[in-house]
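Coordinate-derived values only; no laboratory data. If you're wondering where the values come from, they're calculated on a predicted model, not measured in any experiment. Every residue, glycine among them, receives a Cβ derived from its backbone with ideal geometry; neighbour counts consider all protein chains shown.
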Amino acid sequence: MEDKKQKGIAILGSTGSIGTQALEVIAEQSEHFRVEVLTAFHNADLLIRQAIRHRPDVVVIGNESKYRQVTDALWDHGIKTYAGAAALEQVVAMENVDMVLTALVGYAGLKPTLAAIRAKKPIALANKETLVVAGELITREAGHYGVNIYPVDSEHSAIFQCLAGEFHNPVEKIYLTASGGPFRGMNADELAQVTRQQALQHPNWDMGAKITIDSATMMNKGLEVIEARWLFGLKPDQIDVVVHPQSIVHSLVQFKDGSIKAQMGLPDMKLPIQHALSYPYRLPNDFPRFNFTDYPQLTFEAPDCDTFRNLALAFEALQQEGNAACVVNAANEVAVQAFLDDAIPFAAIAGINEQTLQKAQFVAQPTLDDYMASDAEARAIATELTRLTGQL
Ligand code: NAD
Ligand code: MG
């Protein structure tokens, strides 16, 4: 990278799968990056260890009951400590923060991401739920404040990389690749039998629990379709999904002349994380290299939207616009947590999402307050549906 100054990074959700890998990237590229902010929700022990090792200016623990433990441990190290959700909105705006990596999971990412945009901080976005909930608002605000949003999600990083140098060339469509998850090829009867343990075993990626379940239900791909619509300013019919079980082709762009560009590599999130942090530069690294002879076959197939209804539902929410995707996201967060708590079966998740979308009030042009109200309403509906399902 040409500029000599280290980039100061705030990592929201540093104890998660993306957060811990981002810290590895930053440690490996310490001449380019330094850690200014680390945040976590529950895992105070890991947050403390990370802070002592990476020496941020500030840490935030979401769970206020852990504040004392974090402060006692970091006081002697001269690291400032805060607690609670509102603190996230303040720390992203600090002067020493040059970029905010949103690696926290779920709707909780919305307000801190908005605060970072309003403080004119470039965003490295892993937290796809923020764009699903309020993509119109987030991209409008980013445009208004002149803030770039760099994708961390591997598919969107792939699209972004394929678009380099194509600024004046219209995109005909994009293809998001999907591994298909652990239950690819199953029918509805088989899906009705799957266990939590099986759903948590992703064939190609080691990720947090929520996205792993979303990958098994195909909701992750649905959320990514919506994420892509906002990141790249596309119409829903310009976005297609193709199942590619090897997860080597990370996604593709088809231009107006029919030419298709793909971005490829081993399934390793450290590469898209590093790309988002270092853009427009590519930094040398020691990540394992792809070997073509290890993969004599790369295969592609159509997704099964009849069995994996979440994917069809995401497209439907995208067509409806307004608060529809916000509602589906909230229902899905509730349903996935209920499944992880063993309160509902795997196959009930999509139905709860679908029914919540039908029952929640539609808002055509939501404000931030509307999104917050829709999220709360959808959570209440989905919680009730979850309770009824659990009684069956
Ligand atoms: P994870 O569950 O491993 O980690 C989540 C992090 O967020 C933790 O640090 C946790 O403390 C924090 N967090 C959780 N709830 C919070 C709340 N209410 N307030 C503040 N912080 C909270 O999740 P992950 O797999 O690292 O995923 C993070 C985000 O990145 C998700 O939006 C996911 O969809 C996206 N993503 C992840 C991967 C991956 O490989 N893991 C790939 C692409 C995109
Ligand atoms: Mg992805």
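Listed values, structure above:
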{"quantity": "Within-13-Å neighbourhood charge of residue 322 [Cβ basis; K, R +1; D, E -1]", "calculated": "-4"}
{"quantity": "Highest average packing first - 103-110, 286-293, 127-134, Cβ atoms within 10 Å", "calculated": "127-134, 103-110, 286-293"}
{"quantity": "Directionally averaged shadow of the chain, computed from the convex hull of its alpha-carbon atoms, nm²", "calculated": "19.5"}
{"quantity": "For 305, 326, 162, order by how many other beta-carbon atoms lie within 10 Å, fewest first", "calculated": "305, 162, 326"}
{"quantity": "Fewest-first ranking of 313, 47, using other Cβ atoms within 10 Å as the exposure measure", "calculated": "313, 47"}
{"quantity": "Selected from 145, 15, 30, residue furthest toward positive end of dipole (region 7-151; charges at beta carbon)", "calculated": "145"}
{"quantity": "Segment residue 358-residue 72, length gained on full extension (0.36 nm per residue, minus Cα span)", "calculated": "98.1 nm"}
{"quantity": "Cβ-Cβ FRET estimate between residue 290 and residue 260, R0 fixed at 25 Å, reported to 0.05", "calculated": "0.85"}
{"quantity": "Computed FRET value (nearest 0.05) for residue 24 with residue 196, which takes r as the C-beta separation and R₀ as 22 Å", "calculated": "0.20"}
{"quantity": "The chain - mean residue ellipticity at 222 nm from DSSP helices (-39,500 (n - 2.57) per run, n ≥ 4, rounded to 500)", "calculated": "-14000 deg cm²/dmol"}
{"quantity": "Cα-based reach from residue 7 at 24 Å (exclusive), listing lysines while leaving out same-chain residues under 8 positions away", "calculated": "80, 111, 120, 121, 128, 270"}
{"quantity": "Percent of beta bridges antiparallel (DSSP, the chain, rounded to nearest 5)", "calculated": "30"}
{"quantity": "Computed over the chain: relative contact order in percent, which uses C-alpha pairs under 8 Å that are six or more apart", "calculated": "14"}
{"quantity": "Exposure proxy order (Cβ contacts within 10 Å, fewest to most) of 227, 89, 301, 95", "calculated": "95, 301, 89, 227"}
{"quantity": "Debye, to nearest 20: dipole size of the chain, +1 on Lys, Arg Cβ, -1 on Asp, Glu Cβ", "calculated": "740"}
{"quantity": "For region 321-392, size of Cβ-based charge dipole, Lys and Arg +1, Asp and Glu -1, in debye", "calculated": "200"}
{"quantity": "Principal axes of region 7-151: Cα extent on each, largest first, Å", "calculated": "42, 35, 26"}
{"quantity": "Selected from 350, 391, 308, residue furthest toward positive end of dipole (region 303-392; charges at beta carbon)", "calculated": "391"}
